[in-house]
Amino acid sequence: MSNENIVWHDHHVTKEERAAIKTQKPCILWFTGLSGSGKSTVANAVESRLLALKKHTYLLDGDNIRMGLNRGLTFSDEDRVENIRRIGEVSKLFVDAGTIVLTAFISPFQKERDAVRALVEKDEFIEIFIDTPIAVCESRDPKGLYEKARKGEIPNFTGISSPYEAPAEAEIHVKTEDQTIAESAEQVIGYLKEKGYINAG
Ligand SMILES: Nc1ncnc2c1ncn2[C@@H]1O[C@H](COP(=O)(O)OS(=O)(=O)O)[C@@H](OP(=O)(O)O)[C@H]1O
Ligand SMILES: Nc1ncnc2c1ncn2[C@@H]1O[C@H](COP(=O)(O)OP(=O)(O)O)[C@@H](O)[C@H]1O
């Protein structure tokens, strides 16, 4: 389909003005890691901390988005790429709205994570590697998916029959096997304060 008759409209109210009344610097907190690594758990804990600090947030979470916006996408490499592309575009809109967006998707490919990074301004994308060894994820198995995948009941399961590319240079590296959920959340909040996304007070 041609885009030749579509014209970009500039808005009167800017991202900076929207962010300013929220007293925060908008960004994407991009959590990546294996299933069961703790992306969702830590992202929820961070969002609760931010809410307590009166910050404006929105959490986009894997399973929920696949039930709505991305319903019908499978776990083939091609569909995972499209999944992340759409989430990147939605995240960009939230950043434009002045929001601190938290995303919790496996997002197994570095190329797609880099593509989302390239969608927004420098410093608006914060990659958070939830680095939990697969053995620990498998022992947690909160949804019983590893058990099913080992039995061959789930094709293309990340870490077993589908690849996961660990981030080479994530801004934040969280090791959930060595720290509590609260400590991991504090690690992220500390980063946001130190870099001026939220006020340190
Ligand atoms: N084949 C396969 N591989 C990995 N994960 C699977 C699969 N099938 C279903 N699930 C469930 O889907 C959740 C991952 O969805 P995502 O959208 O985050 O995946 S991806 O970023 O497109 O790779 C994932 O959620 P999390 O456990 O929260 O990561 C699983 O619950
Ligand atoms: N230190 C920890 N950090 C994060 N999650 C932990 C930790 N210890 C145990 N867990 C448990 O591990 C599971 C992680 O699941 P979840 O957050 O859904 O992972 P993901 O979103 O990456 O699939 C949860 O049941 C959580 O309670």
Give, to the nearest whole percent, the P(r) tail of the stretch 28-195 beyond 20 angstrom, counting all Cα pairs. 49
Order these peptides, 26-35, 52-61, by their mean beta-carbon neighbour count within 10 angstrom, highest first. 26-35, 52-61
Across the stretch 76-91, in residue order, what do the Karplus-derived ³J(HN,Hα) couplings come to in whole Hz, using 6.51 cos²θ - 1.76 cosθ + 1.60 with θ = phi - 60° and x for Gly and Pro? 5, 4, 4, 6, 5, 4, 5, 3, 5, 4, 5, 5, x, 5, 5, 4
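How large a share of the accessible area of the chain, in percent, is made up of carbon and sulfur atoms when the probe is 1.4 Å and the other protein chains stay in place?
Values: 6030 of 11070 Å².
Of the solvent-accessible surface of the chain, carbon and sulfur hold 54 percent.
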Once amide hydrogens are built 1.01 Å from N within the peptide plane, the residues lying 5 or more places from LEU60 or on another chain with amide H under 5 Å from its amide H are LEU102, THR103, ALA104
Reported to the nearest 10 Å², SER139 has, with a 1.4 Å probe, an accessible area equal to 90
I need the phi-derived Karplus couplings for the stretch 141-148: 6.51 cos²θ - 1.76 cosθ + 1.60, θ = phi - 60°, integer Hz, Gly and Pro marked x. 5, x, 10, x, 6, 5, 4, 5
Tell me the trypsin sites (Lys or Arg not before Pro) within the stretch 56-99 that lie in a loop according to DSSP and have at most 13 other beta-carbon atoms within 10 Å. ARG71
With the crude spin-label approximation of a point 7 Å out along Cα→Cβ, what separation in nm comes out for LYS143 versus ILE21? 3.7
Stretched out fully, how many nm does the piece from ASP114 to GLU78 gain, at 0.36 nm a residue minus the Cα gap? 11.3 nm
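What number, in percent, do you get for the relative contact order of the chain if the mean sequence gap of Cα pairs under 8 Å and at least 6 apart is divided by its residue count?
Numbers: 290 pairs, mean separation 64.3, N = 201.
That works out to 32 percent.
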Set of lysines near LYS54 by C-alpha distance (under 28 Å), chain-local residues within fewer than 8 positions excluded: LYS15, LYS22, LYS25, LYS39, LYS92, LYS122, LYS175, LYS193, LYS195
Among VAL174, PRO155, PHE94 the positive-end extreme of the charge dipole of the chain (Cβ point charges): PHE94
Vicinal HN-Hα couplings computed from phi for the stretch 103-113 (Karplus, 6.51 cos²θ - 1.76 cosθ + 1.60; Hz; Gly/Pro x): 10, 10, 10, 4, 6, x, 10, 4, 4, 6, 5
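Beyond 19 Å, what percent of the Cα pairs of the stretch 112-177 remain? Numbers along the way, then the final one.
On the way: 990 of 2145 pairs.
Everything past 19 Å amounts to 46 percent.
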Taking the Cα centre of the chain as origin, sum charge times position over the Cβ atoms of Lys and Arg (+1) and Asp and Glu (-1), and report the length of that vector in debye to the nearest 20. 480
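The values are calculated or read from the model by the stated rules, or taken from the named source; none is laboratory data. If you're wondering where the values come from, they're calculated on a predicted model, not measured in any experiment. Ideal geometry is used to build each Cβ from the backbone, glycine not excepted, and the neighbour counts take in all protein chains shown. Each accessible area value is taken on the protein alone, full model and side chains, heavy atoms only, with ligands, DNA and RNA left out. Shrake-Rupley method; radii C 1.70, N 1.55, O 1.52, S 1.80 Å.
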